[in-house]
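Novice: Dropping a structure here in structure tokens format, bear with me for questions.
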Amino acid sequence: MNSKRHILTLLVDNEPGVLSRVAGLFSGRGFNIESLCVAPTLDAGQSRITVSTKANPPLIEQIEKQLNKLINIIKVRDLSIDDAVQREMAIIRVKATSQTRAEILRIVDIFRCKVVDVGTEQYTIEVTGDQGKIQALLRLLKPIGIKEIARTGPVALRRSPK
Amino acid sequence: MKMTGAQIFLAMLKQEAVDTIFGFPGGVLLDIYDEIYKSDIRHILVRHEQGAVHAADGYARASGKVGVCLVTSGPGATNTVTGVATAYMDSIPMVVFTGQVPTQLIGNDAFQEVDIVGITRPCTKHNYLVKDTNDLARVVREAFHIARSGRPGPVLVDIPKNVANGVVEFNPEKNGQKLQMRAYNPTYDPNTRQLKKVVEMIRKAKRPVLFGGGGIILSGASEAFTHLSSRARIPVTASLMGLGGFPGTDPLWLGMPGMHGTFRANMSLGECDLLIGVGVRFDDRVTGRTDTFAPKAKIVHIDIDPTSIRKNVAVAVPVVGDCKISLDALNAMLDTEDLGDIEAARRPWLEQIEEWKSTQPLAYEQGEELIKPQFVVEKLFELTAGKAIITTEVGQNQMWAAQYYHFDQPNHFLSSGGLGTMGFGLPAALGAQIAYPDKLVVDVAGDGSIQMNIQEMATAVQYCLPVKVAILNNGYLGMVRQWQQIFYDRRYSCTTMDHAPDFAKLAEAYGAVGLRATKPSEVVPVLEEAIATPRPVIMDFVVEKEENVYPMVPAGKSITEMLLA
């Protein structure tokens, strides 16, 4: 059956161990975690966990139900690409020689991201965007030479009702 | 009023109507045990923490109340893990309190420190580490609420030593308010539209089957379940956890289905056109190959836990709700429904089932010389009129107890179904005996299993708990040996238990009564003597060594492909 990428946004009690419960649920039942992002919300007693996972329809149904069953989970929502605003951030260290420097800066300009650090042989680029934009940027930078990368994985919120 | 954490702990237990704790003390629990000494709560001192948890489990299964244990930190806590996982797999309401090192030492590899909350996260319904004495009362209240509500389960509460002797203001009246948990709200009331669909399906079905499980027992739905069967004339099967939820002596009873189920139960599931599962989880022991399970049936699944629905089998009509509430509602709808001449409609189906029953009944041959283990269970059933509380260990003893003892009431068959924990039966019997001091409680055991928690015989003697242990002694790890015989060409790898103690002498050493039967003619006299003895008894039945449990569905086969002999 068809596996699709799902972004699950979980509203949880801000209690010690909640992240461990969620991660343990995924690993214990063999569900995969592609990325995981967690931080408090406006309400200090609540945090938001954004998990992205790949699953076919019966599996994603089971994952959502199991998450709902956890005592500290307040709400679970599956944000499909269409009805959510989805953003991810990446910090990328690229090899920068005298030949490639100009090209890198051109790409940075086109993608409207930023150079946040400069070295003798490298630039560090910061980019924010949806998954598609990050992927596209990485594809272009790869032949130039990516040294290191740190990604957050997606966070997402539902779009406003029209 | 200012109270210490230990005093608050006892006050909260009282508030939760707890009158019995099963436990074992230790260094970090000294303050709590000091308060127990001064209180009138009953504390049962076991001989191994695993015994404490299984005893609390047996107590809960028999009585429907929340079982409570208290053990110390480190090894005391880790010794409870098997018992907690046992209760988790079978959804038994229980709160396990573990002592912990003082908060300032946590994470420091202190003496007798373990991260028990981390260790039991996957096998508890929920767990807590109390970091502040001010939180203790709330946590205890939440723990009991979580343990007994929705789909019940074990909750672990870790109490550091300094939390137990911290002094805070405690106001009992305030804690009597209704508990609201933001993130936890189980669904009890079923969707009426879904129930209407079920009524329609019952009306149209030609070959229906009712399948009940542990949820029927936990919810107290046995009467409603029986009423549904008789009103709509639907034959009934039940998983191991559901035995007793429907009378085992009723003519509509099919026996247990699955790997060691009866022929007629498995064939009925294979041929039915409507399967109504109530409080079950369609576990692999029951379904066999899932892609050929109940191939001709539309499945209705009524359960309080949405995660069990559509996990293993395709469900046509899911109903999320408490079993009793859902069945009461369904019965109310059916009572006003005209089902036509239901007797005539069911006759062909019931006749087919009768044919399966008479051509392939559960059978064994009892000769003159060697005792057959099934014979012991049958005689036990007859002599107790089917009214004893039966606990079991795991393996062949468990299967024969399930097959040959016919339970007419719920909460009388206490067996580790989901985890299959050897060593469960004896401590669970003690817990059940504590809950019902006037009932007869019998543990059906194997010679392998009984040795796992034999030390609890000391507990039985200390508290004068007259449980009877019936060991089906075949000198082997029976169930594994059976598989090795059938699938591994009789290569009995490490399944020969040939240095067992003299169990009758062992009983006497503990201060209990020891009896032995080596011939079929001795079985009834031994059982009668044990039942008449107002003390704990071990009966060593030396049985046929290589008897197998049949029917048997081999792994990976459908349940209609049974080995019959």
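The values are calculated or read from the model by the stated rules, or taken from the named source; none is laboratory data. Everything quoted here is computed from the prediction, not taken from an experiment. Counting neighbours? That spans all protein chains shown, and the Cβs are built from the backbone with ideal geometry, glycine included.
Novice: Contact list please: Cβ distance under 7 Å, first residue in the range A:102-113 and in contact (Cβ under 8 Å) with a residue 24 or more places away in the chain, second residue charged (D, E, K, R) and crowded, with 17+ Cβ neighbours inside 10 Å, pairs at least six apart or on different chains.
Specialist: A:Phe111/A:Lys133
Novice: Follow-up question, since we're still on this one. When you check B:Ala314 against the structure, is it part of a loop (DSSP other than H, G, I, E, B) and small (Gly, Ala, Ser), yes or no?
Specialist: When the stated conditions are applied, B:Ala314 passes them.
Novice: Among residues belonging to the range B:76-103 that are touching a Gly at 6+ places or on another chain (Cβ under 6 Å) and of a type in the set (A, V, I, L, M), point out the one that is farthest from the other protein chains (Cβ to nearest Cβ).
Specialist: Across the range B:76-103, the extreme among qualifying residues is B:Met94.
Novice: In this structure, is B:Asp443 outside the structural domain of B:Asp19 (by TED's automatic domain parsing) and exposed (fewer than 15 other Cβ atoms within 10 Å of the Cβ)?
Specialist: Spelling it out, it is not the case that B:Asp443 is outside the structural domain of B:Asp19 (by TED's automatic domain parsing) and exposed (fewer than 15 other Cβ atoms within 10 Å of the Cβ).
Novice: Quick test for you: out of B:Val28, B:Val53, B:Val84, pick the one residue that is in contact with a Leu (Cβ under 7 Å, 6 or more places away or on another chain), in a helix (DSSP H, G or I) and modelled with pLDDT of 95 or more.
Specialist: The match here is B:Val84.
Novice: Also, I was wondering about something else. Can you tell me which residues in the range B:104-140 are away from chain A (no Cβ under 14 Å), under 28 Å from B:Gln15 (Cα atoms) and not β-branched (Val, Ile, Thr)?
Specialist: Here is the first cut: in the range B:104-140, the residues away from chain A (no Cβ under 14 Å) are B:104-105, B:108-114, B:133-134, B:136-137, B:140.
Next, only the ones that are under 28 Å from B:Gln15 (Cα atoms) stay: B:133-134, B:136-137, B:140.
B:Asn134, B:Leu136, B:Ala137, listed by residue number.
Novice: Hey, any hits in the range B:95-104 for a residue that's assigned to a helix (DSSP H, G or I) and modelled with pLDDT of 95 or more?
Specialist: yes
Novice: OK, next. All but one of (1) touching a residue at least 40 places away in the same chain (Cβ under 8 Å); (2) exposed (fewer than 15 other Cβ atoms within 10 Å of the Cβ) hold for B:Ala329; which doesn't?
Specialist: (2)
Novice: Go through the range B:319-364 and give me each residue that's within 30 Å of B:Arg151 (Cα to Cα) and more than 32 Å from the chain's Cα centre (by Cα).
Specialist: The one that is within 30 Å of B:Arg151 (Cα to Cα) and more than 32 Å from the chain's Cα centre (by Cα): B:Asp335.
Novice: Would you check which residues across the range B:65-124 are of a type in the set (Asp, Glu) and over 16 Å from the mean Cα position of the chain (by Cα) and list them?
Specialist: Taking the range B:65-124 as the starting set, the residues that turn out to be of a type in the set (Asp, Glu) are B:90, B:109, B:113, B:115.
Matches in the range B:65-124: B:Asp109, B:Glu113, B:Asp115.
Novice: If we only count strands (runs of 3 or more DSSP E) wholly inside the range A:28-143, which ones have 1 or more residues that are away from chain B (no Cβ under 14 Å) and surrounded by fewer than 14 Cβ atoms within 10 Å (Cβ to Cβ)?
Specialist: A:35-40, A:84-95, A:114-118
Novice: Take the range B:310-326 and flag every residue that is closer than 29 Å to B:Thr560 by Cα and surrounded by 22 or more Cβ atoms within 10 Å (Cβ to Cβ).
Specialist: Scanning the range B:310-326 gives B:Val319, B:Cys323.
Novice: Restricting the search to the range B:504-535, which residues are under 29 Å from the mean Cα position of the chain (by Cα) and polar (S, T, N, Q)?
Specialist: Selection gives B:Thr533 alone.
Novice: Say whether the condition of being surrounded by fewer than 23 Cβ atoms within 10 Å (Cβ to Cβ) and either over 23 Å from B:Thr307 (Cα atoms) or not assigned by TED's automatic domain parsing to the domain that holds B:Met452 (or both) is met by at least one residue in the range B:57-64.
Specialist: Yes, the conditions are met somewhere in the range B:57-64.
Novice: Please go through the range B:37-50 and give me each residue that is surrounded by 21 or more Cβ atoms within 10 Å (Cβ to Cβ) and part of a helix (DSSP H, G or I), ordered by number.
Specialist: Scanning the range B:37-50 gives B:Glu49, B:Gln50.
Novice: Being of a type in the set (Ser, Thr, Tyr) and out of contact with any Ser or Thr (no Cβ under 6 Å at 6 or more places or on another chain) is the filter here, so list the residues in the range B:270-323 that pass it.
Specialist: Passing the criteria: B:Thr287, B:Thr290, B:Thr307, B:Ser308.
Novice: Let me ask something else about it. Against the definition (in the same structural domain as B:Gly258 (by TED's automatic domain parsing), over 23 Å from B:Thr287 (Cα atoms) and in a helix (DSSP H, G or I)), how does B:Glu378 come out, yes or no?
Specialist: no
Novice: Restricting to the range B:69-81, give me the number of residues that are part of a helix (DSSP H, G or I) and without any contact (Cβ under 8 Å) to a residue 60 or more places away in the chain.
Specialist: Narrowing the range B:69-81 to residues part of a helix (DSSP H, G or I): B:75-78, B:81.
Within this subset, residues satisfying the condition of being without any contact (Cβ under 8 Å) to a residue 60 or more places away in the chain are B:75-76, B:78, B:81.
Counting residues in the range B:69-81 that are part of a helix (DSSP H, G or I) and without any contact (Cβ under 8 Å) to a residue 60 or more places away in the chain gives 4.
Novice: Would you confirm whether or not the range B:410-425 contains a residue that is crowded, with 24+ Cβ neighbours inside 10 Å, touching a residue at least 40 places away in the same chain (Cβ under 8 Å) and over 14 Å from the mean Cα position of the chain (by Cα)?
Specialist: The answer is no, given that none of the residues of the range B:410-425 is crowded, with 24+ Cβ neighbours inside 10 Å, touching a residue at least 40 places away in the same chain (Cβ under 8 Å) and over 14 Å from the mean Cα position of the chain (by Cα).
Novice: Can you find a residue in the range B:269-282 that is free of Cβ contacts under 8 Å to residues at least 40 places away in the same chain, β-branched (Val, Ile, Thr), surrounded by 19 or more Cβ atoms within 10 Å (Cβ to Cβ) and closer than 26 Å to B:Ser358 by Cβ?
Specialist: There is no residue in the range B:269-282 that is free of Cβ contacts under 8 Å to residues at least 40 places away in the same chain, β-branched (Val, Ile, Thr), surrounded by 19 or more Cβ atoms within 10 Å (Cβ to Cβ) and closer than 26 Å to B:Ser358 by Cβ.
Novice: Could I ask something else about it? Checking B:Arg346 against (1) buried (at least 16 other Cβ atoms within 10 Å of the Cβ); (2) touching a strand residue (DSSP E or B) at 6+ places or on another chain (Cβ under 8 Å), only one condition comes out false. Which one?
Specialist: For B:Arg346, the exception is condition (2).
Novice: A further question follows. Exactly one condition in (1) in contact (Cβ under 8 Å) with a residue 24 or more places away in the chain; (2) out of contact with any strand residue (DSSP E or B) (no Cβ under 7 Å at 6 or more places or on another chain); (3) among the small types (Gly, Ala, Ser) is not met by B:Gly395; state its number.
Specialist: (2)
Novice: For the range B:303-321, give me each residue that is more than 13 Å from every other protein chain (Cβ to nearest Cβ) and closer than 18 Å to B:Lys204 by Cβ.
Specialist: As a first pass, look at the range B:303-321 and keep what is more than 13 Å from every other protein chain (Cβ to nearest Cβ): B:316-317, B:319, B:321.
Those that are more than 13 Å from every other protein chain (Cβ to nearest Cβ) and closer than 18 Å to B:Lys204 by Cβ: B:Ala316, B:Val317, B:Val319.
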